[in-house]
Amino acid sequence: MIRDLHQVSEETLQQAGRMLTEVFSPLGSDEWNTEAQGLEEVRACCDPSYVCLGIWEQDELAGWGGARPMYHRVTWELHPLVITRHLQGRGLGEKLLYSIEQEVLRLGGQGIVLGTDDENGRTNLNELNPALQPLELLLPRLENPGNHPYSFYQRQGYRIVGIIPNTTGSGIHDILMWKAIVD
Ligand SMILES: CC(C)(COP(=O)(O)OP(=O)(O)OC[C@H]1O[C@@H](n2cnc3c(N)ncnc32)[C@H](O)[C@@H]1OP(=O)(O)O)[C@@H](O)C(=O)NCCC(=O)NCCS
């Protein structure tokens, strides 16, 4: 079941915040190290002008995600998208992302952009040296030995439109992806 996180209890918002910490901290992200930071992010994503949806499996909050308008509300940014660890790989991420896309479309959006960091070398980007290589040479050689989520997004129709090298430090690269949600 999909529900709007703008309309859920404080306890559910706290669960959503904890999920960010529990899922992303072991992946090497230092963005949401504490429950307070996680909760702050959920609240920010529940801005009235943003899309923020959760997905439930039975009675359990299984994941959540959001999108916020950019570029005159024509293109929106997906941020974040998370499925709790023990329910990953069951198609829930795909369902949640589709619902977010449909909601963005309903609000007049035509495309979605996202940035997905390679913070801990799950791709071979470091060997490819993105600071020096042009994108057209780099992309055909990009590999994903560590199951980085860029492959998940590619399966959902997102295309890599850029790589930002060394975003938050040397060797941490952001993979920018985009999808048109209108024909
Ligand atoms: C990435 C994430 C949202 C995907 O959700 P999910 O429910 O696990 O994925 P699904 O089961 O819906 O997967 C759909 C398809 O994508 C594939 N897939 C999912 N995660 C993948 C990954 N990391 N690498 C490669 N393929 C992946 C699945 O195998 C499935 O393929 P299929 O259709 O051929 O069976 C989820 O795994 C997650 O929260 N990961 C940790 C946090 C994260 O990385 N968030 C994204 C940050 S930008």
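The values are calculated or read from the model by the stated rules, or taken from the named source; none is laboratory data. Fair warning: this is a prediction, and the values are worked out from it, not measured in the lab. Here the Cβ positions follow ideal geometry from the backbone for every residue, glycine too, while neighbour counts run over all protein chains shown.
Cβ-Cβ distances below 6 Å connect the following pairs, each with a first residue in region 85-100 that is of a type in the set (Gly, Ala, Ser), a second residue that is more than 8 Å from the ligand (Cβ to nearest atom), and a separation of six or more residues or different chains: Ser99/Ile2; Ser99/Leu53.
Does Tyr98 count as within 19 Å of the chain's Cα centre (by Cα) and closer than 30 Å to Asp59 by Cβ? Yes.
The selection criterion, being in a strand (DSSP E or B), within 15 Å of the chain's Cα centre (by Cα) and surrounded by 15 or more Cβ atoms within 10 Å (Cβ to Cβ), holds for Gly66. Among the residues of region 12-35, those identified as within 12 Å of the ligand (Cβ to nearest atom) and charged (D, E, K, R) are Glu22, Glu31.
Would you mind stating whether Asn126 is out of contact with any strand residue (DSSP E or B) (no Cβ under 7 Å at 6 or more places or on another chain) and at pLDDT below 95?
Judged against the criteria, Asn126 is a match.
Evaluate the following for Thr167: is it buried (at least 17 other Cβ atoms within 10 Å of the Cβ) and within 14 Å of the ligand (Cβ to nearest atom)? Criteria not met by Thr167. The single condition among (1) touching a residue at least 40 places away in the same chain (Cβ under 8 Å); (2) within 23 Å of Gln88 (Cβ to Cβ) that Glu143 does not meet is (1).
Restricting Leu20, Leu13, Leu61 to those that are within 18 Å of Arg85 (Cα to Cα) and touching an Asp or Glu at 6+ places or on another chain (Cβ under 7 Å) reduces the list to Leu20. Could you tell me which of the residues Glu57, Glu119, Glu127 is in contact with a Gly (Cβ under 6 Å, 6 or more places away or on another chain) and not basic (Lys, Arg)? One residue alone meets the criteria, Glu119.
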